Amino acid sequence: MKTAIFLLFVALIPSQYIRAQSCAQSCAVDNVINLMIKSSSEALGTSALSKLDIICTSVTSRGADAFCPSGYKPTGCACGMACGSWDIRGNSACHCQCQNIDWTSARCCKLGLVGS
């Protein structure tokens with residue numbers, strides 16, 4: 001078994017070396033093309049992201065649930081009575097898991113376009 005593995009490595013290593021040498025010229029062109037594509041896509045991405053803004057608001061309500069306004073998603077929650085156990089339900093509300101909670105707060109955010 002050791003001999004078979006050794007022979008496999010002996011057979012593969014030279015082929016990888018030969019492939020690397022034959023790729024030297026064509027790979028250089030590929031690398032230049034890849035760099036051009038990457039720089040173009042980064043410029044487009046930066047341009048698009050510069051037009052986006054994150055808009056957040058806080059919602060507080062009595063009881064164990066705080067619901068975000070339409071279009072907003074909860075990103076964090078806080079609970080009254082020193083309760084640190086909460087979860088996000090239905091992708092739109094914060095729920096405090098302790099009993100007899102007097103208030104629940106949700107931080108709700110959405111992406112918006114700058115200037116609109």
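Values quoted throughout were computed directly from the atomic coordinates according to the rules given, and no laboratory measurement underlies them. All values reported here derive from a predicted model rather than from experimental measurement. A quick note on method: Cβ atoms are made from the backbone with ideal geometry, for glycine too, and the neighbour counts reach across all protein chains shown.
Figure the gain on full extension for SER92 and CYS109 (residue separation times 0.36 nm, minus the Cα-Cα span) and round it to one decimal in nm.
5.1 nm
Could the peptides 67-73, 92-98, 50-56, 106-112 be put in order, highest first, of the mean number of other beta-carbon atoms found within 10 Å of their residues?
92-98, 106-112, 67-73, 50-56
What percent does the relative contact order of the range 76-116 come to when contacts are Cα pairs within less than 8 Å and at least six residues apart?
It comes to 39 percent, rounded to a whole number.
What shape does the range 56-116 have by the C-alpha gyration tensor, where a ≥ b ≥ c are the square roots of the eigenvalues, rounded means a/c under 1.5, and otherwise prolate means a/b greater than b/c and oblate the rest? Numbers along the way, then the final one.
Values: a/c = 2.81, a/b = 2.45, b/c = 1.15.
It is prolate, given that a/c is not under 1.5 and a/b is the larger ratio.
Give me, ordered by chain and number, the residues 5 or more places off ALA64 or on other chains with an amide H under 5 Å from its own placed amide H.
Amide H neighbours of ALA64: none.
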